[in-house]
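The values are calculated or read from the model by the stated rules, or taken from the named source; none is laboratory data. As the structure is a computational prediction, the values presented were derived from the model and not from experiment. Here the Cβ is made from the backbone with ideal geometry for all residues, glycine too, and neighbour counts use every protein chain on show.
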Amino acid sequence: MSIRPVLEQRAATPTLEGAGVHLHRAFGFQDPTELDPFLLFDDFRNDDPARYTAGFPWHPHRGIETITYVLAGTVAHGDSLGNQGSLGAGDVQWMTAGSGILHQEMPRGNAQGQMHGFQLWANLPAAQKMTTPRYQDVKSSDIPEITDDDGTRVRVIVGDFWGQRGPVDGIAADPQYLDIWVPAGVKKSLPVDTYRRSFAYVFEGAGAFADASKPTGVLLEKEVAGQEVHIRDLSGDRTLIRFGTGDRVTVQAGEDGVRFLLISGAPIQEPVAWHGPIVMNTKDELRQAMRELRDGSFIK
Ligand code: FE2
């Protein structure tokens, strides 16, 4: 058994996207090998409608998959294939852009004006860059939720975990996408297959992710039942944690518990040519996509 070390912890960066959506970017548009097969992760939680309702009007995608997970509010969407709908709290949409789609994604918020959700981009391997576009809309009620004896709760959105299988299938990056709550004070060990790249994104409470034998960061000392214990720097809201190799991740929840996404996937290890919402293998393929957007032949 080997615990994955924490390679890096960093706060998500405030970013303006779409037609004027204020969001936080955990990673994206930097080194695409770092979390291969994942390219980008945006946290679009916001409690002020003026900062998100401009949304993401019509734009193209090619060569990737985008995964939208809504926690509160709704996201209205429509696309060039004729799909139209709305994602609500707890729902997931997995879009395989493949050879190309044009779509719009418009955050609408709830009655309290809150819009909470995340978008992840997963790369497609060369053999599937031009695959037929596909949508998987998953209702919250179809996502299995497991509660462990110690109160830990896991929503299995994609992949296999603790004997449950998530409802999204056929994804090239072979991802595992979990929404995990660990109650106050609980230390939890969570399996992650060794061949996967893995990261966590904390969005509620705080916790310490680390290998006890290899402390990282600042040590905070605490007295617990007369014993001195060391809890490494807690990762709080909007923190990305990037893990090294191993077969499990450990987390010690802080005094308010900790909720995070634990996401992992098989690296694709191919060249990346990236321009905005289009991600291919070569610059020639990017130029071709741009040409097709101009001459109207982008949608197959
Ligand atoms: Fe999009």
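Points to keep in mind about this one:
- Segment 259-292, residues that are part of a helix (DSSP H, G or I) and either closer than 16 Å to A173 by Cβ or in contact with a strand residue (DSSP E or B) (Cβ under 6 Å, 6 or more places away or on another chain) (or both): K283, L286, A289
- Answer from A50, A76 - the residue that is within 21 Å of A19 (Cβ to Cβ), free of Cβ contacts under 8 Å to residues at least 60 places away in the same chain and out of contact with any strand residue (DSSP E or B) (no Cβ under 7 Å at 6 or more places or on another chain): A50
- Some residue of segment 96-115 being within 11 Å of the ligand (Cβ to nearest atom), under 15 Å from the mean Cα position of the chain (by Cα) and not small (G, A, S): no
- For segment 82-95, residues that are under 19 Å from the mean Cα position of the chain (by Cα) and polar (S, T, N, Q) total 1.
- Within segment 1-43, the residues that satisfy the criterion of being assigned to a loop (DSSP other than H, G, I, E, B) and among the acidic types (D, E) are D31, E34, D36.
- Filter result for L81 (in a strand (DSSP E or B) and within 15 Å of the ligand (Cβ to nearest atom)): no
- Whether a residue is more than 13 Å from the ligand (Cβ to nearest atom) and over 29 Å from R294 (Cβ atoms) was assessed, and F38 passes this test.
- When segment 259-275 is filtered for residues that are more than 30 Å from P183 (Cα to Cα) and in contact (Cβ under 8 Å) with a residue 60 or more places away in the chain, the ones remaining, listed by number, are P267, I268, Q269, E270, V272, W274.
- Selection status of V272, closer than 20 Å to T131 by Cβ, surrounded by 20 or more Cβ atoms within 10 Å (Cβ to Cβ) and among the β-branched types (V, I, T): no
- Residues satisfying the stated conditions in segment 109-127, i.e. in contact (Cβ under 8 Å) with a residue 40 or more places away in the chain, out of contact with any strand residue (DSSP E or B) (no Cβ under 8 Å at 6 or more places or on another chain) and farther than 24 Å from P49 by Cα: P125, A126
- Lone qualifier among F56, F118 - being surrounded by 19 or more Cβ atoms within 10 Å (Cβ to Cβ), modelled with pLDDT of 95 or more, closer than 25 Å to F298 by Cβ and within 16 Å of the ligand (Cβ to nearest atom): F56
- Options A89, A76, A19; residue that is modelled with pLDDT of 95 or more, under 26 Å from K139 (Cβ atoms) and within 16 Å of the ligand (Cβ to nearest atom): A76
- Hits in segment 44-53 (condition: of a type in the set (A, V, I, L, M, F, W, C) and more than 16 Å from the ligand (Cβ to nearest atom)): A50
- Being touching a helix residue (DSSP H, G or I) at 6+ places or on another chain (Cβ under 9 Å) and on the phi < 0 side of the Ramachandran plot holds for only one residue in P107, P125, and it is P107.
- When M95, M106 are checked against the criterion of being farther than 24 Å from R294 by Cβ and assigned to a strand (DSSP E or B), a single residue qualifies: M106.
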